[in-house]
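The structure is given below, and queries will be raised subsequently.
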Amino acid sequence: MMISIRGANTVEENTREAILDSTKELLQEIINANELEASQIISVFFTATKDLTKVYPAVAARDLGLTDCSLICCQEMYVEDSLKQCIRVLFHVNGTKEQKEIQHIYLGGAKVLRPDIAKPLSIAIDGPAGAGKSTIAKALAQKLNFIYVDTGAMYRALGYYIYHQINDDIYDEEKLSQYIQNYLDQIHVSIDYENGQQLIFVCDENVTSNIRTQEIGHIASIISANKYVRLFLVKEQQNLAKIKSVVMDGRDIGTHVLPDAPLKIFLTASVKIRALRRFNELREKNQTPHLETIQKEIEERDYRDMHREFAPLEQASDAIVIDTSEMSIDEVVTSIYERAKKLGL
Ligand code: DC
């Protein structure tokens with residue numbers, strides 16, 4: 001029976017090497033995913049967008065040993081604002097499978113062409129306060145065209161809300177648990193985006209501008225140790241990652257929220273550097289912080305986050321550790337981006 005298989009991949013730059021690498025990656029993935037033997041392949045039709053000019057992509061097929069099948073390359077019809085630097089393929093194959101069992105393969109930036117079949121991808125970034133998680137995760141998400149999910153903001157928002165309901169009872173473990181068990185099904189924490197910025201709502205109240213203080217950070221750290229709070233927010237976070245490709249940052253993303261994430265990063269930096277970063281951040285927001293107090297608070301927060309009973313801050317065994325103390329933001333983003341690209345994210 002004759003079947004056809006489609007696929008596409010994007011190319012980083014218009015060079016012979018990049019075009020052949022992307023094409024080989026695509027062909028190999030199609031062959032592996034559909035368990036094809038070279039002898040089954042009748043023909044492969046290639047198109048390239050008009051910005052790829054350095055080599056015929058069919059050369060990659062010959063390099064892979066597809067010597068008997070018919071190959072041809074054409075330029076893809078130019079459509080304004082369409083995906084750039086893209087190679088598309090159409091295989092015709094003598095198959096043993098039915099057409100509906102076929103896996104069409106879309107890689108790299110070409111995933112946007114078939115959102116109906118693209119599985120959401122996720123990158124987990126964990127680490128202690130001030131390691132640079134949110135700045136780096138945000139920049140990385142933008143570069144990869146993923147959604148950035150700041151889970152710390154979810155704990156902060158919930159902390160802000162609960163504190164306004166029960167005040168200092170949040171410090172009483174029993175009263176906090178009781179409140180949460182009684183009211184959690186009436187609380188809704190949601191995320192939205194405006195001009196690329198994450199907005200956070202609790203029960204439809206936009207609390208984005210209220211949660212970035214040391215006090216709310218402290219409250220978030222207290223309530224985040226509570227098992228019921230965590231179960232509630234982890235579910236919300238997992239639901240987000242089911243529908244969108246995300247870069248998610250937090251403390252337990254690689255270990256609990258997204259244990260199957262294909263790329264896990266654990267960012268760290270010395271306490272001194274982290275305190276200094278927080279200090280500068282607060283000063284930029286016209287607050288009047290005290291460096292030693294911040295350092296002490298960070299040490300306390302690290303201890304609480306690492307020693308809580310349920311889902312403590314810890315490095316996933318398959319996470320890559322990056323110490324950001326001596327690195328610029330750009331260096332860290334580029335190093336994670338390159339790893340993501342190698343994994344085909
Ligand atoms: O990253 P941040 O400072 O905005 O986080 C605030 C607090 O929330 C932090 O003390 C630990 C907690 N948190 C958590 O326990 N798990 C997460 N996934 C994210 C944050």
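The values are calculated or read from the model by the stated rules, or taken from the named source; none is laboratory data. The structure presented is a predicted model; accordingly, all values stated were derived computationally and were not measured. Because the Cβ atoms are built from the backbone with ideal geometry, glycine has one as well, and the counts that use them run over all protein chains shown.
Which one of these is of a type in the set (Ser, Thr, Tyr) and closer than 17 Å to residue 221 by Cβ: 155, 183, 179, 193? Break it down into steps so the answer makes sense when it comes.
Numbers: 183 fails: closer than 17 Å to residue 221 by Cβ; 179 fails: closer than 17 Å to residue 221 by Cβ; 193 fails: closer than 17 Å to residue 221 by Cβ.
Checking each option against the conditions leaves just 155.
Output the number of the condition that residue 175 fails; it satisfies all remaining conditions of (1) basic (Lys, Arg); (2) more than 16 Å from the ligand (Cβ to nearest atom); (3) surrounded by 14 or more Cβ atoms within 10 Å (Cβ to Cβ).
Among (1) basic (Lys, Arg); (2) more than 16 Å from the ligand (Cβ to nearest atom); (3) surrounded by 14 or more Cβ atoms within 10 Å (Cβ to Cβ), the lone unmet condition for residue 175 is (3).
Just give me the residues in the range 291-324 being more than 16 Å from the ligand (Cβ to nearest atom) and touching a strand residue (DSSP E or B) at 6+ places or on another chain (Cβ under 8 Å), in sequence order.
If the condition is that a residue be more than 16 Å from the ligand (Cβ to nearest atom) and touching a strand residue (DSSP E or B) at 6+ places or on another chain (Cβ under 8 Å), then 318, 320, 321, 322, 323 are the ones that fit.
Can you name the number of the only condition in (1) surrounded by 13 or more Cβ atoms within 10 Å (Cβ to Cβ); (2) at pLDDT below 95; (3) not in a strand (DSSP E or B) that residue 191 fails?
If we test residue 191 against (1) surrounded by 13 or more Cβ atoms within 10 Å (Cβ to Cβ); (2) at pLDDT below 95; (3) not in a strand (DSSP E or B), just (3) comes out false.
Related question: If residue 254 meets every condition in (1) within 27 Å of residue 200 (Cα to Cα); (2) at pLDDT below 95 apart from one, which number is that one?
Against the list (1) within 27 Å of residue 200 (Cα to Cα); (2) at pLDDT below 95, residue 254 comes up short only on (2).
Follow-up. Tell me, which residue of the range 222-253 that is among the small types (Gly, Ala, Ser) and near the ligand (Cβ under 10 Å from one of its atoms) is surrounded by the most Cβ atoms within 10 Å (Cβ to Cβ)? Step through it out loud before you land on a result.
Of all residues in the range 222-253, those among the small types (Gly, Ala, Ser) come to 224-225, 241, 245, 250.
Okay, now just the ones that are also near the ligand (Cβ under 10 Å from one of its atoms), so 224-225, 250.
Values: 224: 26, 225: 18, 250: 30.
Only one residue fits best here, namely 250.
Mind checking which pairs have a first residue in the range 199-216 that is in contact (Cβ under 8 Å) with a residue 24 or more places away in the chain and surrounded by fewer than 19 Cβ atoms within 10 Å (Cβ to Cβ) and a second that is polar (S, T, N, Q) and outside any helix (DSSP H, G or I), Cβ under 7 Å, 6 or more apart or different chains?
Matching pairs, first to second residue: 201/190.
Checking residue 22 against (1) under 15 Å from residue 83 (Cβ atoms); (2) in a loop (DSSP other than H, G, I, E, B), only one condition comes out false. Which one?
Result: residue 22 fails condition (2) only.
Only one of 163, 183 is of a type outside the set (A, V, I, L, M, F, W, C), over 25 Å from residue 125 (Cβ atoms) and either within 13 Å of the ligand (Cβ to nearest atom) or at pLDDT 95 or above (or both). Can you tell me which? Give the derivation first.
Values: 183 fails: either within 13 Å of the ligand (Cβ to nearest atom) or at pLDDT 95 or above (or both).
Just one listed residue meets the conditions, 163.
Suppose we filter the range 145-157 for residues that are more than 9 Å from the ligand (Cβ to nearest atom) and crowded, with 21+ Cβ neighbours inside 10 Å; how many remain? Give the steps one after another, and end with the answer.
First pass over the range 145-157, keeping only residues more than 9 Å from the ligand (Cβ to nearest atom): 145-149, 157.
Subset that is crowded, with 21+ Cβ neighbours inside 10 Å: 146, 148-149, 157.
Residues flagged as more than 9 Å from the ligand (Cβ to nearest atom) and crowded, with 21+ Cβ neighbours inside 10 Å within the range 145-157 amount to 4.
For the range 113-139, which positions are more than 9 Å from the ligand (Cβ to nearest atom), within 13 Å of the chain's Cα centre (by Cα) and surrounded by 23 or more Cβ atoms within 10 Å (Cβ to Cβ)?
Within the range 113-139, 122, 123, 124, 125, 136, 137 qualify.
Of 141, 137, 124, 110, which residue is among the small types (Gly, Ala, Ser) and either assigned to a loop (DSSP other than H, G, I, E, B) or within 17 Å of residue 8 (Cβ to Cβ) (or both)? Walk me through how you get there before you give the answer.
Values: 141 fails: either assigned to a loop (DSSP other than H, G, I, E, B) or within 17 Å of residue 8 (Cβ to Cβ) (or both); 137 fails: either assigned to a loop (DSSP other than H, G, I, E, B) or within 17 Å of residue 8 (Cβ to Cβ) (or both); 124 fails: either assigned to a loop (DSSP other than H, G, I, E, B) or within 17 Å of residue 8 (Cβ to Cβ) (or both).
One residue alone meets the criteria, 110.
Which residue out of 338, 281 is acidic (Asp, Glu) and either in contact with a strand residue (DSSP E or B) (Cβ under 7 Å, 6 or more places away or on another chain) or more than 16 Å from the ligand (Cβ to nearest atom) (or both)? Spell out the reasoning first.
On the way: 281 fails: either in contact with a strand residue (DSSP E or B) (Cβ under 7 Å, 6 or more places away or on another chain) or more than 16 Å from the ligand (Cβ to nearest atom) (or both).
Going through 338, 281 in turn, just one is acidic (Asp, Glu) and either in contact with a strand residue (DSSP E or B) (Cβ under 7 Å, 6 or more places away or on another chain) or more than 16 Å from the ligand (Cβ to nearest atom) (or both): 338.
Can you tell me how many residues within the range 25-43 are within 16 Å of residue 106 (Cβ to Cβ) and either free of Cβ contacts under 8 Å to residues at least 40 places away in the same chain or not polar (S, T, N, Q) (or both)? Show your work before the answer.
In the first step, residues of the range 25-43 are kept if they are within 16 Å of residue 106 (Cβ to Cβ); the result is 25-34.
Restricting the remaining residues to those that are either free of Cβ contacts under 8 Å to residues at least 40 places away in the same chain or not polar (S, T, N, Q) (or both) gives 25-33.
Adding up the residues that qualify gives 9.
So, one more: Filter the range 85-106 for residues that are aliphatic (A, V, I, L, M), touching a helix residue (DSSP H, G or I) at 6+ places or on another chain (Cβ under 6 Å) and either in a helix (DSSP H, G or I) or closer than 24 Å to residue 15 by Cα (or both) and give the result. Break it down stepwise before answering.
Let us first name the residues in the range 85-106 that are aliphatic (A, V, I, L, M), namely 87, 89-90, 93, 102, 105.
Okay, now just the ones that are also touching a helix residue (DSSP H, G or I) at 6+ places or on another chain (Cβ under 6 Å), so 87, 93, 105.
Residues satisfying the conditions are 87, 105.
Working only within the range 44-62, note down all residues that are in a loop (DSSP other than H, G, I, E, B), touching a helix residue (DSSP H, G or I) at 6+ places or on another chain (Cβ under 8 Å) and buried (at least 18 other Cβ atoms within 10 Å of the Cβ).
At the first step, the residues of the range 44-62 found to be in a loop (DSSP other than H, G, I, E, B) are 49-57.
Now narrow it down to the ones that are touching a helix residue (DSSP H, G or I) at 6+ places or on another chain (Cβ under 8 Å): 52, 54-55, 57.
Selection gives 52, 55, 57.
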